[in-house]
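Taking it in order: structure first as structure tokens, then the write-up.
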Amino acid sequence: MKKRIKDLPCLFLDRDGVINKKRNDDYVKSWDQFIFLPKVLAALKELKKYYSPIIIVTNQQGIGKGLMSEHDLKSIHQQMNRIIRKRGGKIDSVFYCPDLSDPPSFCRKPNTGMGLNAKYLFPDIQWNRSIMVGDSVSDVQFGKNLGMQSVLLDQEMEDPSGLADFVFKELDLCRIIEFTDVGL
């Protein structure tokens, strides 16, 4: 029996380090700097069968630092979504926080602002049936702050915080699907 969309859990994804290659000590400021990580496009195609909605939540303080504009970021996301759709995947929405890390901002992960905005747009989201996948402790903490299961992506398979429910090297399709089938 095929699950109805509203019966599916929600998948939250960080962007840099999960969808695309993270630039060390820099920001992805233009489309020519955006590089999809290996296997991500195939994974997103498959993951849409198991999750709805699929939402990106990303801190983008390069805007707050004046290194890029919101128009630049929206252009990157339009190109990203175009390619994801062309390869059979989907992203239902992208939420971003342009604020600097200091002073603390309600919208900036690990705070919950982007998640609450997503819940407003997608009222069927159930936190206890949602998963947050990220590559940083703030991503994991964001998920925990909203009552989600959290997956940390780390090449060394280490979780320095001890907060993640699971640690994988990459957006590993099979493991996340297995996790969904048994845990939610």
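The values are calculated or read from the model by the stated rules, or taken from the named source; none is laboratory data. Everything numeric here is computed off the predicted structure, so don't read it as measured data. Reconstructed Cβ throughout: ideal geometry from the backbone, glycine too, with neighbour counts over all protein chains shown. Side chains included, ligands, DNA and RNA excluded: accessible areas come from the protein's heavy atoms. Shrake-Rupley method; radii C 1.70, N 1.55, O 1.52, S 1.80 Å.
Observations on the model:
- Of Lys22, Lys109, Lys49, the order by accessible heavy-atom surface (1.4 Å probe, DNA, RNA and ligands excluded), from most exposed downward, is Lys49, Lys22, Lys109.
- Ranked packing of 56-65, 82-91, most packed first, by mean Cβ within 10 Å: 56-65, 82-91
- The stretch 113-130 - phi-based ³J(HN,Hα) in whole Hz, Karplus 6.51/-1.76/1.60, Gly and Pro as x: x, 5, x, 5, 5, 5, 5, 5, 6, 10, x, 7, 4, 10, 4, 6, 10, 10
- Legend: residues Trp127, Trp31, sorted from most to least accessible area (1.4 Å probe; ligands, DNA and RNA excluded), read Trp31, Trp127.
- Ignoring the sites themselves, the chain has its longest run without GluC sites (Glu not before Pro) in a DSSP loop having at most 11 other Cβ atoms within 10 Å at 1-155.
- Enclosed volume per residue, in Å³, of the convex hull spanned by Cα atoms of the chain: 115 Å³
- Quotient of C-alpha Rg and 2.2 N^0.38 Å, computed over the stretch 1-98: 1.12
- Residue-normalised accessible area of the chain, given per residue in Å² at a 1.4 Å probe: 52 Å²
- For the chain, with +1 on Lys and Arg beta carbons and -1 on Asp and Glu, the positive-most of Ser130, Val28, Phe142 along the dipole: Ser130
- For chymotrypsin sites (Phe, Trp or Tyr not before Pro), the sites in the stretch 70-116 that DSSP calls loop and that have at most 11 other Cβ atoms within 10 Å are Phe106.
- Spread of Cα-to-Cα distances over 5 Å intervals beginning at zero, given as percent, for the stretch 120-176: 4, 22, 30, 21, 14, 6, 3, 0
- Proximal charge balance of Gln33 [Cβ under 14 Å; K/R count +1, D/E count -1]: 0
- Cross-link check: pairs Lys39/Lys65; Lys65/Lys119; Lys119/Lys169; Lys65/Lys109 evaluated at a Cα-Cα cut-off of 25 Å; pairs beyond the cut-off: Lys39/Lys65; Lys65/Lys119; Lys119/Lys169.
- Going by accessible surface with a 1.4 Å probe and the largest first, Asp92, Asp25 read Asp25, Asp92.
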